[in-house]
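Below is one structure; the comments refer to it alone.
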Amino acid sequence: MSHERVLYDPFRPVYPSPASLVTSIDAAGKPNIITLGETFNLSIRSPVIVGIAIAPERYSHRLIREQGEFVVNLPPASLLPQVLQVGSMSGRDHDKFAETGLTPLPATHVKPPLIAECPVNIECKLLFVQSIGDHDLFAGEVLAHHVDPEVLNENRKFDPTKLSTIVLAGGHFFDLGEHLKGWR
């Protein structure tokens, strides 16, 4: 690696970040999905809080703000076509579940559905929304964390090597790389 540095466009400067499919629901019970590249942990233990960032003009922004809940679904690389399709249309005009073939599953604590094809689903109750630049930060307390048994090892512990997570870096999607070393 060189010791030289150049000034670079700061667009999405922290990478990679996981791609997620976040589900929400309108007042009549119609579910929606948004593709996000801004999904992150805010508090990891007590309480567990995740953050998502959504531009104010997005349909999901209004739904989550009004209904106060959402589900973060982490798609495997095999769902990249659906991730791209969801991100290319608005739920104002489209039924994204019907058009992508994704399967809604009932959540245990919130009204928005889980996505069956995603091996990780995180049910969240909205704690607050904070306007930050061109996106708003939605902080959600995790009420339930669902994991497909196929991404667990023989000791029933989460095995990220079985996840095949999609990450976003430099305006491109990648499959999460190889395991290097554990820290716990």
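What to note about this one:
- Filtered by the rule that a residue be surrounded by 22 or more Cβ atoms within 10 Å (Cβ to Cβ), not aliphatic (A, V, I, L, M) and not in a strand (DSSP E or B), segment 1-36 gives no residues.
- On inspection, residue 85 qualifies as at negative phi, without any contact (Cβ under 8 Å) to a residue 40 or more places away in the chain and not β-branched (Val, Ile, Thr).
- Taken together, the residues in segment 92-126 that are surrounded by fewer than 21 Cβ atoms within 10 Å (Cβ to Cβ) and not hydrophobic (A, V, I, L, M, F, W, C) amount to 14.
- Flag if residue 63 is modelled with pLDDT of 95 or more, surrounded by 15 or more Cβ atoms within 10 Å (Cβ to Cβ), within 22 Å of residue 162 (Cα to Cα) and touching a strand residue (DSSP E or B) at 6+ places or on another chain (Cβ under 8 Å): no
- Taken together, the criteria place residue 40 among residues that are part of a strand (DSSP E or B), within 18 Å of residue 136 (Cβ to Cβ) and without any contact (Cβ under 8 Å) to a residue 60 or more places away in the chain.
- Residue within segment 43-57 that is over 14 Å from the mean Cα position of the chain (by Cα) and either of a type in the set (Lys, Arg) or surrounded by 16 or more Cβ atoms within 10 Å (Cβ to Cβ) (or both) present: yes
The values are calculated or read from the model by the stated rules, or taken from the named source; none is laboratory data. Not measured: the values here are computed from a predicted model. Cβ sites come from the backbone with ideal geometry, for glycine too, and all protein chains shown count toward neighbours.
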